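What follows is a short report on a single structure.
The values are calculated or read from the model by the stated rules, or taken from the named source; none is laboratory data. What you see is a predicted model; the values in this text were computed from it and never measured. When we count neighbours, we look across all protein chains shown, and the Cβ atoms used for this are built from the backbone with ideal geometry, even at glycine. For accessibility, only protein heavy atoms count, side chains too; no ligands or nucleic acids. Shrake-Rupley method; radii C 1.70, N 1.55, O 1.52, S 1.80 Å.
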Amino acid sequence: MGEQEKMVPQKLGINGLGRIAKLSIWHHVERQYFSELVVNIGREVGRSLEDIALFIEKDSTYGRLHHFLHGCRASRVIEEINDQEGSMRINGVKTTFLRKHRNPADISWKDHGVELVVDATGAFLDPTVPAEDPKGSVRGHLVAGARKVIVSAPFKIKDKSKEMPPDAVTTVMGINDADFDPKRHVIVSHASCTTTCLAYMVKPLLDYFGPMRILSASMATVHAATPSQQVLDRAPKAKADDLRKTRSVFNNIILTTTGAAKALGLVIPEMKEIGFIAESVRVPVTTGSLIILVVLIQDESLKNPINRNLINDIYRKAQSHFADGYLVYTDEQNVSSDIIGLPRAAAVIEGHETHTRTAAVRFDLNHVLNVCAALSSEQGLAFDVEQALKQAGKAMDAEQQARIIQIPVTQAVIYGWYDNELGSYTNMLGDRTVSIAKMLR
């Protein structure tokens, strides 16, 4: 996790005990910045607190916690299990488990001295829902005593007539974390694992070429399975419109959706002006995902076009511009399991697979100028097509008098790996959490 930070007398609340919540516990007991963790499960789990300890200690993807922390010869790091108090020590960090309330407004954060909460349930993603909503709201944490809440998923505003509240913001660590204003923002979305990887793939290209030269972009994420999928086929719920969500994750490649394109626009505003399409496919692996990014770039020459060496060099140099190893470039040939647990890397660019193709895109100048005239008319501006054609004709040679212009365009394909659980997303969420915690001290 990098250089060890000094533990401070500050508590962190974690709501939920799913994949991201569990791995956040792993992150913070290793990091040892917070003196205590308070985890709200909201229900009884197993027969005793020992069952919770075993759930935290063992993981089918990452192995045992003590081996992860201290190597293969290490012994158990969970001790002092107190079922009556609901607490245990995990790698020396006191961790208390709350098992009564699921509505954020009812959780006793104030009584436990918790001011910062990470909501990792995936259930409270709408920042416009009032705290007193009977089904619960992310704002309930604020009523219960928290000063700031970090959501481990993208915001989802159900009522499309409502806008993002001014006290909520979406950030990706190392990309736009400075957008967080501690005086104004109380709810922070840390976006998603896919948006995080995508941001680190797109930002170096925007910085190098500028948003005007990037004509369009598309991506497909080949994504590991998630707990929302079914182990075996089951009947869909009433009125379900996506019948693939209930198919077995073991046996299928499953088409699904991703909100990465929309979320990316919140993190990198320039992307709102660029045509962007995002698709997702789920595959039967537990973690380790891949983004295939396709970018269309306005080139400057057909004789000396943008090539794979230039694209790869952009990423090689960009590594040093981002702190803490968030962007990694490699010439190695990887498979998904090679990425599992890789610390902090939001995106691992596999330069071996970078491809480019350059061609001339032909435009009928008459059509282009007519479009310009139509757009000008919509904006109440005057545009003389004939005059524009005369001016354009002066710049054309005899061969171009057919009023056909050619513009060189390069299509680049870039591959980026990411560990969608611990290695990338949870570790960066931990960085975001500590950065906000320091502002509260």
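With more than 19 Å from V8 (Cα to Cα) and out of contact with any Lys or Arg (no Cβ under 8 Å at 6 or more places or on another chain) as the only criterion, which of H27, H70 stands out?
Working: H27 fails: more than 19 Å from V8 (Cα to Cα).
Of the residues listed, the single one that is more than 19 Å from V8 (Cα to Cα) and out of contact with any Lys or Arg (no Cβ under 8 Å at 6 or more places or on another chain) is H70.
Can you pull out the residues in region 144-157 that are assigned to a strand (DSSP E or B) and in contact with a Lys or Arg (Cβ under 9 Å, 6 or more places away or on another chain)?
Residues satisfying the conditions are V149, I150.
Only one of (1) free of Cβ contacts under 8 Å to residues at least 60 places away in the same chain; (2) open to solvent by 20 Å² or more (accessible area, probe 1.4 Å) is not met by H185, so which one is it?
Status for H185: all satisfied but (2).
Are any residues in region 244-262 open to solvent by 30 Å² or more (accessible area, probe 1.4 Å) and under 8 Å from Q229 (Cα atoms), and if so, which ones?
Correct list: K245, R247.
Evaluate the following for Q333: is it open to solvent by 30 Å² or more (accessible area, probe 1.4 Å), more than 18 Å from V295 (Cβ to Cβ) and in contact with a Leu (Cβ under 7 Å, 6 or more places away or on another chain)? Walk me through how you get there before you give the answer.
On the way: open to solvent by 30 Å² or more (accessible area, probe 1.4 Å): yes; more than 18 Å from V295 (Cβ to Cβ): yes; in contact with a Leu (Cβ under 7 Å, 6 or more places away or on another chain): no.
Criteria not met by Q333.
Determine if region 11-30 includes at least one residue that is touching a residue at least 12 places away in the same chain (Cβ under 8 Å) and farther than 19 Å from L422 by Cα. I'd like the intermediate steps shown before the answer.
Going through region 11-30, the residues touching a residue at least 12 places away in the same chain (Cβ under 8 Å) turn out to be 11-30.
Add one more test, that the residue is farther than 19 Å from L422 by Cα, and what stays is 11.
Yes, that holds for at least one residue.
Just give me the residues in region 263-291 being without any contact (Cβ under 8 Å) to a residue 40 or more places away in the chain and either of a type in the set (F, W, Y) or open to solvent by less than 50 Å² (accessible area, probe 1.4 Å) (or both), in sequence order. Working first, answer last.
Narrowing region 263-291 to residues without any contact (Cβ under 8 Å) to a residue 40 or more places away in the chain: 265, 269, 272.
Scanning region 263-291 gives a single hit, G265.
Residues that are at pLDDT below 95 and in contact with a strand residue (DSSP E or B) (Cβ under 7 Å, 6 or more places away or on another chain): does region 410-431 have at least one?
Yes: region 410-431 contains one or more residues that are at pLDDT below 95 and in contact with a strand residue (DSSP E or B) (Cβ under 7 Å, 6 or more places away or on another chain).
Residues to consider are G46, G2, G63, G13; find the one that is modelled with pLDDT under 95 and closer than 27 Å to M428 by Cβ. Please lay out each step first, then the result.
Values: G46 fails: closer than 27 Å to M428 by Cβ; G63 fails: modelled with pLDDT under 95; G13 fails: modelled with pLDDT under 95.
Just one listed residue meets the conditions, G2.
If I90 satisfies all but one of (1) in contact with a helix residue (DSSP H, G or I) (Cβ under 6 Å, 6 or more places away or on another chain); (2) at pLDDT below 95; (3) not basic (K, R), what's the number of the condition it fails?
(2)
I want to confirm something. Restricting to region 170-182 and keeping residues that are under 14 Å from T433 (Cα atoms) and of a type outside the set (D, E, K, R), which single residue is surrounded by the fewest Cβ atoms within 10 Å (Cβ to Cβ)?
A178
Select, from P165, P104, the only residue that is buried (at least 20 other Cβ atoms within 10 Å of the Cβ) and either in contact with a Gly (Cβ under 8 Å, 6 or more places away or on another chain) or not β-branched (V, I, T) (or both). Break it down stepwise before answering.
Details: P165 fails: buried (at least 20 other Cβ atoms within 10 Å of the Cβ).
Answer to the selection: P104.
Pull out all pairs, ordered by first then second residue, where Cβ-Cβ is under 6 Å, the residues are six or more apart or on different chains, the first lies in region 215-236 and is at positive phi and surrounded by fewer than 18 Cβ atoms within 10 Å (Cβ to Cβ), and the second is modelled with pLDDT under 95 and basic (K, R).
Close Cβ pairs satisfying both conditions: none exist.
Among the residues in region 306-324, are any under 17 Å from I175 (Cα atoms), buried (at least 18 other Cβ atoms within 10 Å of the Cβ), modelled with pLDDT of 95 or more and not aromatic (F, W, Y)?
yes
Are there strands (runs of 3 or more DSSP E) fully within region 52-143 with at least 1 residues that are under 29 Å from the mean Cα position of the chain (by Cα)? List them. Outline the logic, then answer.
Values: elements: 78-82, 87-90, 93-98, 116-119.
Passing ranges, in order: 87-90, 93-98, 116-119.
Name the single residue that is surrounded by the most Cβ atoms within 10 Å (Cβ to Cβ) among those in region 114-141 being farther than 27 Å from L422 by Cα and among the hydrophobic types (A, V, I, L, M, F, W, C).
Filtering region 114-141 for residues that are farther than 27 Å from L422 by Cα and among the hydrophobic types (A, V, I, L, M, F, W, C), the one surrounded by the most Cβ atoms within 10 Å (Cβ to Cβ) comes out as V129.
If I go through region 336-365 residue by residue, how many of them are open to solvent by 30 Å² or more (accessible area, probe 1.4 Å) and assigned to a strand (DSSP E or B)?
The total comes to 9.
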